[in-house]
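Participant: One structure, pasted below without further comment.
The values are calculated or read from the model by the stated rules, or taken from the named source; none is laboratory data. Predicted model only: the values in this text are computed from it and were never measured. All Cβ positions, even for glycine, are placed from backbone atoms using ideal geometry, and neighbour counts span all protein chains on display.
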Amino acid sequence: MAEFLQYLFSGITVGATYALVGLGFAMIYNASHVINFAQGEFLMIGGMMTVSMLGAGVPMPLAIVAAIVLATVVGLALEKFAVEPARNAEVVTVIIITIGASIFLRGLAQVVWGKEYHALPPFSGDTPISIGGATILPQSLWVLGVTVVVVAALAWFFNRTLMGKAILATSHNRDAAQLVGINTGLVLLISFGLSAALGAIAGIMIAPITLTSYDVGIMLGLKGFVAAVLGGLGSGVGAIVGGLILGITEAMAAGYISSEYKDAVPFVLILLILFFLPNGLFGVRGTERV
Amino acid sequence: MRGKHVRAWLAASAVAMASSGAIAADTIKIGSFLSVTGPASFLGDPELKTLQMYIDQINAEGGVLGKQLALVHYDVGVDADNARTSTKRLLEDDQVDVIVGGSTTGTTMAAVPLVERAGVPFISLAGAVVIIEPVKKWVFKTPHTDRMAAQKIFEDMKARDITKVALISGTGGFGKSGRAQSTAVAGDYGIEIVADETYGPKDTDMTPQLTKIKNTDGVQAVLNFGFGQGPAIVTKNYKQLGMTAPLYQSHGVASKKYIELAGDAANGVRLPGSALLVADKLADDDPQKPVVIGYQTMYEKATGTDVSTFGGHAYDGLMIAVEAMKTAGSTDKEAVRAAIENTQGFVGTGGVVNMSAEDHLGLDLTAFRMLEIQDGDWVLVD
C-alpha cells in the first residue's frame, strides 16, 4: 500500500506539471486553433529567469513576479511580431512559426543564461512529509495547490468576465464574434500573454523539483501537448485530466512493470484512448457544416 | 559562389603551405582535433585552451629538442565524418608529428584507422575502453575508463562489507556504458546486483524506481551511473524517500555543479574522482600534488574559469608526447611511438602512468580517489 501511495504521489506531482503545460496549449488553441509549440519555452523562461534574478540578489517573491512578467512580455511579443503578421496564413503555417520561435528562444537562452542546469531552492524547505508510509515533498504540494488555484482562476475568468467570455466566443466562432463587435485580434494577443504567464508559473513551481536549464521546455512541452490532446484539445478540464492520467500511468508503469517501459506504457494508453475517442476524453466532437 | 570558395581556399592553403614550408625545418607539429563547439564543448573547450597554454609555455622555455612546437587544430564538433576528414588533413596536408586530440569516443574511433595506416602516434582524450582494447599499435589514451570507476566503487564497497547492491542508471550513452561495465565487474568483488533500474536522460522524477529499490530485500548500497542533471534528481529523491543505505555516484558527476544541484541531499554520497578535484586537499607527499596544483593554478589564472578534469586529460596527453620526444631524441614516428609505449612513472593530472605494449592507458585504480561529500565539499576517504 505504501508503495502504491508513493507511485501515486510521484504521478500526481509530475501529472500536475503536465496539466499546467497542457492548459497553456488549450488556451491558445481555443483562441486561434493554433498549437503553440513554444509553450515549453515559457516554462524555461519562467524557471531560468527566476534563477538568474535570485543569483543577482533579488528576493524570491520579486524574482518570481519578474520572471512571470518577462515570460508574458515574450508571449505578447511572439503574438505581435511573429503570429499576427501571418494572420491570413494557414493554421499550419502559424504552427511552424511557433516551432521556429521555440528554437529561437532556446538559442537565445543558451547565449544569455548558458547551457548548465540550475536548481531553484524549494519554497518551504525540503523536509519530506510522510503520509501512510509514503513521502511527498512540500514543493509537490505547492505544485498541486498552485494548479488548483490557477484552474479556479481560469474558470472564473472565462465564465465571469467580459474578456473571458469574448475569448470563449471567439473560440466557438471567430467570424460571428467579430460581427458582434469582439476585437478578435486583441483576444488572440491576450491568449498568448495568458498562456505565457501560465507556462512561466508552471516552470517556476517545478524548477525546485526537476531542476531547470535552457532545454527543459522540449520534453515538458511535448508531454504537456500529449496531455492536451489526450483530454481533448481546447478543453481545460481535459488538459488537467489528461496530464494526471499521463503522470500517474508513467509512475505506475515505472513502479510495477519496468522503468524501461515507463515512457512506452502511457503512449500505448494514449493510442488506445484516441482510437476509441478520436477527439480526446473531453473534446468537442467536430462537426463540419457546409 | 562555389568558385569563389574554392579560390579562397586555394589562396589560403597556398599561404599556409608557404609558411609551413619556411618553418617546417625547425618546428615540431602537434596535430589536434577536438569538440570545441557543439554538445561536447564542455570537453573540447578546456582541452584546446590547455593545449594552447602549455605549447606557448614550452616554446617560451626553449621548445623541445631545440625546436618550437606548433599546434595545428581543427574543431570537429561531435561529427565523426568531420573527425575523419580533419585527421586526413592533419596526416596528409599538415604532416603532423603526433596527434593529441579526440574529445569523444566517436570522433576518436573515426580517426583510429587513419592513424594506424599512416603510422603516426595518436594520444586520445576520450573515455571508452574500446579505444585501447584491443591494443592498437599507434593509439594511446589518457583519461581513466568507466570500468575503472566501477572497480574503484566496488573496491570501496567491499571494504565496507557490502555485497548486495542496487543499480540505477541513466539510459544515455554514459549511463548505459557504465551499467554494462558495472554488471561485468561486480562479480570480481563478490558483489551481487540485486536490482537494476533505469531512467531517461530527461526524466524529472525517479521516486518510482527508487521505491522499487527500497522494497527490494537486502539492498546494502545503491550505485547511480549517470551524467547531467539525472543523478542530482536521484540524490534528491533518495533523501525524500528517507533511504539510508550508502549512495554511490560515478565520476560522471564529479564536479561542484552536482553538489550545487543536489544540495543537502548530497551529504554522505561517495564517488570516485580525479586528484584534480581535490588538489588542495591531497597529502603533501602525494606524488600528484605538485602536478595538479601547478595545472590548476596555471589554468585558472589563464582562463579565469574553474579547472576541469577534461583539460587535465589534454595536459597529460601533451606532456606524455613531449616527454616521449625528449626520450627518443628525435621526432621519428616509430621512435616516439616506442617511447610513449615505454612511458614509466609519468605523473599527470589523471594519475601515475605506466604504459606497456599491452596497456596503452597505463593507469591503475589509484588514479581515482574515493571522495565523500560532507557539508557541500569533497572529503578524501582513502
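Participant: I'd like to check something: does the range A:61-76 contain any residue that is within 19 Å of the chain's Cα centre (by Cα) and among the polar types (S, T, N, Q)?
Facilitator: Yes.
Participant: Looking at A:V91 and the list (1) touching a residue at least 24 places away in the same chain (Cβ under 8 Å); (2) within 19 Å of the chain's Cα centre (by Cα), which single condition is not satisfied?
Facilitator: Here A:V91 clears every test but (2).
Participant: Residue by residue through the range B:194-209, note down the ones that are surrounded by 24 or more Cβ atoms within 10 Å (Cβ to Cβ), at the interface with another protein chain (Cβ under 7 Å from one of its Cβ atoms) and not in a strand (DSSP E or B).
Facilitator: Of everything in the range B:194-209, those that are surrounded by 24 or more Cβ atoms within 10 Å (Cβ to Cβ), at the interface with another protein chain (Cβ under 7 Å from one of its Cβ atoms) and not in a strand (DSSP E or B) turn out to be B:D205, B:T207, B:P208, B:Q209.
Participant: Quick check: anything in the range A:35-51 buried (at least 24 other Cβ atoms within 10 Å of the Cβ) and in contact with a Pro (Cβ under 6 Å, 6 or more places away or on another chain)?
Facilitator: No, the conditions are met nowhere in the range A:35-51.
Participant: Next up: Check whether at least one residue in the range A:20-32 is crowded, with 24+ Cβ neighbours inside 10 Å, in contact (Cβ under 8 Å) with a residue 24 or more places away in the chain and under 30 Å from B:K214 (Cβ atoms), and report yes or no.
Facilitator: yes
Participant: Is it the case, given these coordinates, that B:S32 is assigned to a strand (DSSP E or B), buried (at least 23 other Cβ atoms within 10 Å of the Cβ) and touching a helix residue (DSSP H, G or I) at 6+ places or on another chain (Cβ under 9 Å)?
Facilitator: So B:S32 fits the description; yes.
Participant: Listed residues B:K136, B:K176, B:K152, B:K212; which is of a type in the set (K, R) and not in a helix (DSSP H, G or I)?
Facilitator: Selected residue: B:K136, the only one of B:K136, B:K176, B:K152, B:K212 that is of a type in the set (K, R) and not in a helix (DSSP H, G or I).
Participant: Okay, moving on. Here is a check on your reading of the model: is B:V120 in contact with a Lys or Arg (Cβ under 9 Å, 6 or more places away or on another chain), in the same structural domain as B:V347 (by TED's automatic domain parsing), crowded, with 19+ Cβ neighbours inside 10 Å and in a loop (DSSP other than H, G, I, E, B)?
Facilitator: Yes.
Participant: Check off (1) part of a helix (DSSP H, G or I); (2) surrounded by fewer than 21 Cβ atoms within 10 Å (Cβ to Cβ); (3) under 19 Å from the mean Cα position of the chain (by Cα); (4) among the aliphatic types (A, V, I, L, M) for B:A335 and give me the number that stays unchecked.
Facilitator: (3)
Participant: Sort out which residues of the range B:231-258 are more than 9 Å from chain A (Cβ to nearest Cβ), outside any strand (DSSP E or B) and modelled with pLDDT of 90 or more, and write them in order of number.
Facilitator: If the condition is that a residue be more than 9 Å from chain A (Cβ to nearest Cβ), outside any strand (DSSP E or B) and modelled with pLDDT of 90 or more, then B:P231, B:V234, B:T235, B:Y238, B:M243, B:T244, B:A245, B:P246, B:S250 are the ones that fit.
Participant: Let me ask another. Quick one: is A:L137 in contact with a Pro (Cβ under 6 Å, 6 or more places away or on another chain), closer than 30 Å to A:A109 by Cβ and not hydroxyl-bearing (S, T, Y)?
Facilitator: Taking the combined requirement at face value, the residue satisfies it.
Participant: Checking the conditions here, which among B:G350, B:G317, B:G311 is touching a strand residue (DSSP E or B) at 6+ places or on another chain (Cβ under 8 Å) and part of a helix (DSSP H, G or I)?
Facilitator: None of the others qualify; the one that does is B:G317.
Participant: Mind checking which residues of the range A:166-181 are small (G, A, S) and in a helix (DSSP H, G or I)?
Facilitator: Matches in the range A:166-181: A:A166, A:A169, A:S171, A:A176, A:A177.
Participant: Among the residues of the range B:47-83, write down those that are in a helix (DSSP H, G or I) and among the charged types (D, E, K, R).
Facilitator: Hits for the range B:47-83 are B:E47, B:K49, B:D56, B:D81.
Participant: Okay, moving on. Has the range B:324-336 got at least one residue that is closer than 21 Å to B:T366 by Cβ and out of contact with any helix residue (DSSP H, G or I) (no Cβ under 7 Å at 6 or more places or on another chain)?
Facilitator: no
Participant: Considering only residues that are assigned to a loop (DSSP other than H, G, I, E, B) and in contact with a Leu (Cβ under 8 Å, 6 or more places away or on another chain), look in the range B:355-382 and name the one that is modelled with the highest pLDDT.
Facilitator: Residue satisfying both the conditions and the ranking: B:M355.
Participant: Still on this structure, please answer the following. Could you please tell me which pairs satisfy a Cβ distance under 8 Å, a separation of 6+ or placement on different chains, a first residue in the range A:152-179 that is within 14 Å of A:A26 (Cβ to Cβ), and a second residue that is of a type in the set (K, R)?
Facilitator: A:F158/A:K165
Participant: Would you confirm whether or not the range A:234-256 contains a residue that is surrounded by fewer than 19 Cβ atoms within 10 Å (Cβ to Cβ), free of Cβ contacts under 8 Å to residues at least 60 places away in the same chain and not in a helix (DSSP H, G or I)?
Facilitator: no
Matching residues to (1) among the aliphatic types (A, V, I, L, M); (2) assigned to a helix (DSSP H, G or I); (3) exposed (fewer than 13 other Cβ atoms within 10 Å of the Cβ):
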| site | (1), (2), (3) |
| --- | --- |
| A:G57 | no, no, yes |
| A:A71 | yes, yes, no |
| A:A77 | yes, yes, no |
| A:F81 | no, yes, yes |
| A:E84 | no, yes, no |
| A:K115 | no, no, no |
| A:G145 | no, yes, yes |
| A:F157 | no, yes, no |
| A:G164 | no, yes, no |
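Participant: Under the condition of being surrounded by fewer than 19 Cβ atoms within 10 Å (Cβ to Cβ) and within 19 Å of the chain's Cα centre (by Cα), which residue from the range B:347-358 is farthest from B:T145 (Cα to Cα)?
Facilitator: This residue is B:V347.
Participant: I've got another one for you. Going by what's in this entry, would B:L241 be described as crowded, with 24+ Cβ neighbours inside 10 Å and in contact (Cβ under 8 Å) with a residue 24 or more places away in the chain?
Facilitator: Taking the combined requirement at face value, the residue does not satisfy it.
Participant: Quick one: count up the residues across the range B:359-380 that are crowded, with 21+ Cβ neighbours inside 10 Å and of a type in the set (F, W, Y).
Facilitator: Selection size over the range B:359-380: 1.
Participant: Sticking with this one: Got a sec? Which of A:G243, A:G255, A:G203 is modelled with pLDDT under 90 and either away from chain B (no Cβ under 12 Å) or in contact with a Phe, Trp or Tyr (Cβ under 8 Å, 6 or more places away or on another chain) (or both)?
Facilitator: Among A:G243, A:G255, A:G203, only A:G255 is modelled with pLDDT under 90 and either away from chain B (no Cβ under 12 Å) or in contact with a Phe, Trp or Tyr (Cβ under 8 Å, 6 or more places away or on another chain) (or both).
Participant: Is there any pair with a first residue in the range B:274-295 that is over 18 Å from B:V381 (Cα atoms) and surrounded by fewer than 23 Cβ atoms within 10 Å (Cβ to Cβ) and a second that is at pLDDT below 90 and among the small types (G, A, S) whose Cβ atoms are under 9 Å apart and which are 6 or more apart or on different chains, and what are they?
Facilitator: Filtered contacts from the range B:274-295: B:I293/B:A279.
Participant: While we're here: I'd like to verify a number: residues in the range B:1-57 that are among the small types (G, A, S) and at pLDDT 55 or above, how many?
Facilitator: Qualifying residue count, the range B:1-57: 9.
Participant: Consider B:T327 against the criteria (1) closer than 21 Å to B:I28 by Cβ; (2) crowded, with 21+ Cβ neighbours inside 10 Å; (3) of a type in the set (V, I, T): it satisfies all of them except one. Which criterion is unmet?
Facilitator: (2)
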